[in-house]
Amino acid sequence: MYQSAFGLYEAKYLYKAKSMENGDEVVGALLGCSPFFYIATVEAMKEMCVDELNDGKVENLKLTRVLDWSIEKLK
């Protein structure tokens with residue numbers, strides 16, 4: 001389980017890594033498309049909107065680009 005300011009989450013699909021922008025550690029769902037990797041942070045997912053009427057189109061989800069060597073699966 002992962003505890004954030006937003007609640008308690010199962011760590012099954014969560015990763016942590018360092019942000020390329022400022023080196024801060026971020027936690028969230030990993031989206032990999034080599035050579036770049038992104039994390040949709042738990043905080044960012046709280047702000048997203050999924051439009052179920054338009055094939056699940058996702059809006060308002062800010063991705064954080066992360067350093068590939070810093071990616072670790074949360075346990």
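The values are calculated or read from the model by the stated rules, or taken from the named source; none is laboratory data. As the structure is a computational prediction, the values presented were derived from the model and not from experiment. With ideal geometry, Cβ positions are generated from the backbone for all residues, glycine too; neighbour counts draw on all protein chains shown. These area figures cover heavy atoms from the full protein model, side chains too; ligands, DNA and RNA do not enter into them. Shrake-Rupley method; radii C 1.70, N 1.55, O 1.52, S 1.80 Å.
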For this session: Kindly provide the set of residues from region 12-30 that are hydrophobic (A, V, I, L, M, F, W, C) and within 13 Å of the chain's Cα centre (by Cα), ordered by number.
Result: L14, A17, V26, V27, A29, L30
For this session: Just give me the residues in region 12-30 being in contact (Cβ under 8 Å) with a residue 24 or more places away in the chain and either over 17 Å from K73 (Cα atoms) or open to solvent by less than 50 Å² (accessible area, probe 1.4 Å) (or both), in sequence order.
Result: L14, A17, S19, M20, E21, V26, V27, G28
Exercise. Restricting region 31-70 to residues that are part of a strand (DSSP E or B) and loosely packed, with under 11 Cβ neighbours inside 10 Å, which is farthest from the chain's Cα centre (by Cα)?
Worked result: D51
Exercise. Applying the selection to region 54-75, what residues are small (G, A, S) and more than 17 Å from L14 (Cβ to Cβ)?
Worked result: G56
Exercise. Within region 1-36, how many residues turn out to be over 12 Å from L67 (Cβ atoms) and either in contact with a Pro (Cβ under 8 Å, 6 or more places away or on another chain) or modelled with pLDDT of 95 or more (or both)?
Worked result: 0
